[in-house]
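Readers should treat all values here as calculations from the given coordinates under stated rules, not as data from a laboratory. Keep in mind it's a predicted model, so treat the numbers as computed, not measured. Here the Cβ positions follow ideal geometry from the backbone for every residue, glycine too, while neighbour counts run over all protein chains shown.
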Amino acid sequence: MNTQGSRKIGLGVLAAAVLLAGLVLWYQATAAAPVVGRRAPDFTVDLLAGDTVSLNQFRGRPVILNFWATWCPPCVEELPAFQRVVQEGRAEVLAVNVGETGEEAADFLRRLGVDLPVALDGSGDLLTRYRVLGLPQTFFIDAGGVIRHVERGALSYDEVVAILEQIRQGGA
């Protein structure tokens with residue numbers, strides 16, 4: 001076989017290997033992606049209160065996973081709505097504070113008068129895992145652990161209740 005033919009075969013094999021590697025990486029990235037209709041990726045995080053919690057601990061109850069920060073005005077607007085939902089027993093809420101210290105989050109929530117379970121994601125690992133592109137972003141997860149709705153932007157109390165009702169009826 002001549003050198004030019006060997007070079008073409010080598011380039012073809014290299015191109016196929018690069019394509020295959022790309023497909024494998026793409027599949028791995030999308031297989032674990034938090035998508036409506038798929039089970040929510042489990043995680044364990046530290047809570048502001050000092051405990052740890054995993055998402056799987058909420059199984060059997062609907063859970064609202066909300067990503068927020070103190071510097072985000074729409075996030076601040078919706079936190080009282082989530083607290084009301086919890087107080088009424090409609091769902092569990094895990095509010096994930098992004099990029100701030102526990103002291104910053106605790107002081108802010110105390111001033112706001114909100115008492116929710118707050119997870120601290122100071123490093124942004126959970127933010128990245130859930131592919132959150134902006135704040136606030138909220139995942140509505142059913143009692144079986146399946147993501148049923150994702151909302152980007154602030155939600156009112158009535159909107160939260162409507163989404164929970166759709167999920168309860170098998171929709172959303």
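Each residue of the range 106-112 was assigned a 3J(HN,Hα) from its phi angle through the Karplus expression (A = 6.51, B = -1.76, C = 1.60, θ = phi - 60°), giving 5, 4, 5, 5, 4, 5, 7 Hz with x at Gly and Pro.
Among 34-44, 79-89, 139-149, the peptide with the highest mean count of other Cβ atoms within 10 Å heads the list, and the full ranking is 139-149, 79-89, 34-44. The length gained by stretching the chain between R110 and E88 to full extension, at 0.36 nm per residue less their Cα-Cα distance, is 5.9 nm. Expressed to the nearest 5 percent, the antiparallel share of DSSP beta bridges inside the range 44-168 is 60 percent. Near C72, once Lys and Arg are set to +1 and Asp and Glu to -1 for all other residues with Cβ below 11 Å from its Cβ, the sum equals -3.
In terms of its alpha-carbon gyration tensor, the range 81-134 comes out oblate; a/c meets the 1.5 threshold, while b/c is at least as large as a/b.
Is the shape of the range 105-172 best called rounded, prolate or oblate, per the rule: a/c under 1.5 gives rounded, else a/b larger than b/c gives prolate, else oblate, with a ≥ b ≥ c the square roots of the Cα gyration tensor eigenvalues? Oblate.
Shape of the range 20-172 from the C-alpha gyration tensor: oblate (a/c of 1.5 or more and a/b not above b/c, with a ≥ b ≥ c the square roots of its eigenvalues).
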